[in-house]
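The values are calculated or read from the model by the stated rules, or taken from the named source; none is laboratory data. What you are looking at is a predicted structure, and each value in this text was computed from that prediction instead of being measured. No Cβ is skipped: glycine too gets one built from the backbone with ideal geometry, and neighbour counts run over all protein chains shown.
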Amino acid sequence: MRRPVLVFSLITLSATQLLAQEPSRVLNGYRFVPSRFVPHPFAVSYFATSTGGGVAFDLKTPFVDLSGDTLGTLTGDVAFMSLAFQYQQRFGKWFAARFGFTGSGRLGIDEQSVLAQGVTGSFLWNLGATARIFQSEKVLVSGAVDLGRTDLVGLDPFNFAQKIVDEGLGAEDNNLVGTAEAISAVASASVGWAPAPWIGVTGVLDVGYGDVTESSPETVIGGGGTVGIDLANLGAVPIGFLLAAETDAFQQGGADLAARSWTYGFGVFYTGWDDFSIGLETSMALFDRRDSEEDFEAFIATFNLRYWP
């Protein structure tokens with residue numbers, strides 16, 4: 001009898017302490033720096049925006065006839081750019097809800113990639129919520145749920161011309177402009193840890209299920225983490241550095257190109273303000289090409305702003 005009472009008392013005490021703590025992105029004196037592609041575990045209010053772009057190198061597109069035989073390969077570089085907004089609102093001391101939008105586009109930048117990739121735009125809408133589960137002086141644990149929908153619009157001159165060659169001008173269902181959509185639901189568990197006032201670590205594990213562009217639904221498994229250092233808390237200039245790594249099923253925004261991405265990033269941020277963060281984050285990403293053994297790499301750079309009201 002004593003053991004259930006003791007367990008219940010500990011749970012009640014932990015819940016009472018959690019509700020009494022004011023939510024914040026600060027643990028053990030360290031103000032966590034946000035990454036563009038690894039989400040924060042904090043159920044606090046904020047407004048975030050990021051603007052950037054990059055280049056995918058040596059993207060190979062096979063030339064396939066109607067019988068499925070590969071007749072050749074087009075190789076080229078592809079440029080892409082993106083603009084993202086996200087707003088999260090805290091409700092009470094342990095729960096926050098958010099919505100976001102990301103618009104991105106890509107286009108070929110040489111003769112072969114212009115023909116093979118054309119111009120593609122994706123529009124991602126996201127709704128989500130984060131709940132704080134546990135918090136101590138140095139550690140925070142939270143859970144989150146996110147629902148996302150991506151609308152993809154593409155101008156595909158290569159496949160358009162290929163079908164005319166194979167079937168003639170009277171080819172059925174041959175459109176220069178194509179559309180598709182992808183929908184997913186993802187649940188995640190996140191942790192934040194600040195072993196000292198000048199260093200902070202985050203980690204996240206994602207599990208979910210969703211549609212993939214022009215494919216059957218797939219299980220979404222991913223995760224990532226960051227390590228941040230704030231020189232201001234070491235008595236130096238208010239500059240923070242961030243190392244980040246992530247793997248994602250990449251079912252949204254670029255599912256027509258890749259089945260999974262592996263990203264490694266480095267960021268430099270100004271940390272002199274309590275309620276505002278500004279910085280530049282660069283990363284290299286490896287993408288597992290969908291329906292092909294040919295992987296490709298991309299360099300990405302984004303300018304990130306975040307305000308905590």
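Table: residues versus (1) under 20 Å from residue 81 (Cβ atoms); (2) modelled with pLDDT of 75 or more; (3) part of a strand (DSSP E or B); (4) in contact with a strand residue (DSSP E or B) (Cβ under 8 Å, 6 or more places away or on another chain).
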| site | (1), (2), (3), (4) |
| --- | --- |
| 8 | no, no, no, no |
| 16 | no, no, no, no |
| 36 | yes, yes, no, yes |
| 44 | no, yes, no, yes |
| 49 | yes, yes, yes, yes |
| 52 | yes, yes, yes, yes |
| 55 | yes, yes, yes, yes |
| 58 | yes, no, yes, yes |
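Just for region 289-305: of the residues that are part of a strand (DSSP E or B) and over 16 Å from the mean Cα position of the chain (by Cα), which one is surrounded by the most Cβ atoms within 10 Å (Cβ to Cβ)?
296
Suppose we keep only residues that are in contact (Cβ under 8 Å) with a residue 60 or more places away in the chain and either within 14 Å of the chain's Cα centre (by Cα) or not in a strand (DSSP E or B) (or both) within region 265-284. Which one would you say is surrounded by the fewest Cβ atoms within 10 Å (Cβ to Cβ)?
274
What are the pairs with Cβ atoms under 9 angstrom where one residue, in region 85-99, is under 18 Å from residue 305 (Cβ atoms) and among the aromatic types (Phe, Trp, Tyr) and the other, located anywhere, is in a loop (DSSP other than H, G, I, E, B) and modelled with pLDDT of 95 or more? Sequence gap at least six, or different chains.
The qualifying pairs are 87/45.
Give the residues of region 188-213 that are modelled with pLDDT of 95 or more and either of a type in the set (Val, Ile, Thr) or at positive phi (or both), sorted by residue number.
Matches in region 188-213: 191, 199, 201, 202, 204.
Is at least one residue of region 265-278 under 30 Å from residue 180 (Cβ atoms), at pLDDT 80 or above and among the β-branched types (Val, Ile, Thr)?
The answer is no; no qualifying residue exists.
Give just the number: which of (1) surrounded by 20 or more Cβ atoms within 10 Å (Cβ to Cβ); (2) at pLDDT below 85; (3) not charged (D, E, K, R) does residue 119 not satisfy?
Failing condition for residue 119: (1).
Taking the condition of being in a loop (DSSP other than H, G, I, E, B) and either at pLDDT below 60 or surrounded by fewer than 14 Cβ atoms within 10 Å (Cβ to Cβ) (or both), how many residues in region 137-185 meet it?
To start, the set of residues in region 137-185 that are in a loop (DSSP other than H, G, I, E, B) comprises 137-138, 156, 168-176.
Narrowing further to those that are either at pLDDT below 60 or surrounded by fewer than 14 Cβ atoms within 10 Å (Cβ to Cβ) (or both): 137, 168-176.
Total satisfying the criteria: 10.
Could you tell me which residue of region 243-264 is modelled with the lowest pLDDT, considering only residues that are of a type in the set (A, V, I, L, M) and within 19 Å of residue 150 (Cα to Cα)? First the steps, then the outcome.
First, pick out the residues of region 243-264 that are of a type in the set (A, V, I, L, M): 243-245, 249, 255, 257-259.
From what is left, the residues that are within 19 Å of residue 150 (Cα to Cα) are 249, 255, 257-259.
Details: 249: 66, 255: 54, 257: 65, 258: 69, 259: 70.
Across region 243-264, the extreme among qualifying residues is 255.
Quick check on residue 216: is it at pLDDT below 95, in a strand (DSSP E or B) and surrounded by fewer than 16 Cβ atoms within 10 Å (Cβ to Cβ)?
It is true that residue 216 is at pLDDT below 95, in a strand (DSSP E or B) and surrounded by fewer than 16 Cβ atoms within 10 Å (Cβ to Cβ).
Which of the residues spanning region 67-106 are aliphatic (A, V, I, L, M), surrounded by 18 or more Cβ atoms within 10 Å (Cβ to Cβ) and at pLDDT 75 or above?
First, the residues of region 67-106 that are aliphatic (A, V, I, L, M): 71, 74, 78-79, 81, 83-84, 96-97.
Filter once more, so that each one left must be surrounded by 18 or more Cβ atoms within 10 Å (Cβ to Cβ): 74, 78, 84, 96.
Selection gives 78, 84, 96.
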